[in-house]
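Just below is one structure, and these are the notes that go with it.
The values are calculated or read from the model by the stated rules, or taken from the named source; none is laboratory data. Not measured: the values here are computed from a predicted model. Here the Cβ is made from the backbone with ideal geometry for all residues, glycine too, and neighbour counts use every protein chain on show.
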Amino acid sequence: EDAKRAIRESIVYPTKRPDLFPLGWPKGILLYGPPGCGKTLLAAAAAAEIEGYFINVDAAAMMSKWLGEAEKNVAKLFSMAHTLSLNEGVSVILFIDEIDSLLGTRSSEVGGEVRVKNQFLTEMDGINGKLRKSQLYVIGATNKPWSLEAGFLRRFQKRIYVTLPDKASRLNLFNQYTAALRRDNGFKQEDLAKLAEGYSASDIKDMCQSAQLRVVNEL
């Protein structure tokens, strides 16, 4: 709920009522936390809420062995997002997964990696500066926020910690994932929600699938 509230404050409210934000709003948002807790899903849900475009990019796929190709990929990506936002008149969420692979600290960097980082910084400064009124948001997701350099963290003004699910969320997840299954009369979601403390949302889905597979094997 904390992560959803932070997403509403950063994306949904400014999109629907920009007149309430004379000082602007954060365009760079970093989602960090344990894997399997729904960071990608949160970003996609935000795009659906504002009826905008959702562009999902894998940071590792943007890198290239060819000189100058990777920074061109970054420039093309932002150019496409700007074009969609300005020409179509809709909000665009540019979601970059595993952003630490693109912007992480490395002990020995080669020239290409430095140029990619500089290009990304330039693009981020553009949406936070002269294009601050545009409806383009950049959301980065990482499981290792400590590997990001301070200069990049500064560009992500809003940093949201996506936690492991609490008991109420775990109960909700068990209800969702077992709704399509035939459940025994003695099945108690509340007990499972207690036992699954410390599990991620992805772990809970895997547990339900494993139980289903056991039944299939018996059949």
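Here are a few things to note about the model shown:
- Taking the listed residues Ala168, Ala180, the one that is loosely packed, with under 12 Cβ neighbours inside 10 Å and closer than 18 Å to Ala3 by Cα is Ala168, with no other qualifying.
- So Ala59, is it surrounded by 18 or more Cβ atoms within 10 Å (Cβ to Cβ) and within 18 Å of the chain's Cα centre (by Cα): yes
- Residues of the range 132-154 that are at pLDDT below 75 and surrounded by 16 or more Cβ atoms within 10 Å (Cβ to Cβ): Ser134 alone.
- Candidate set: the range 20-68, residues that are at pLDDT below 90 and among the aromatic types (Phe, Trp, Tyr); chosen: the one nearest to Met80 (Cα to Cα): Tyr53
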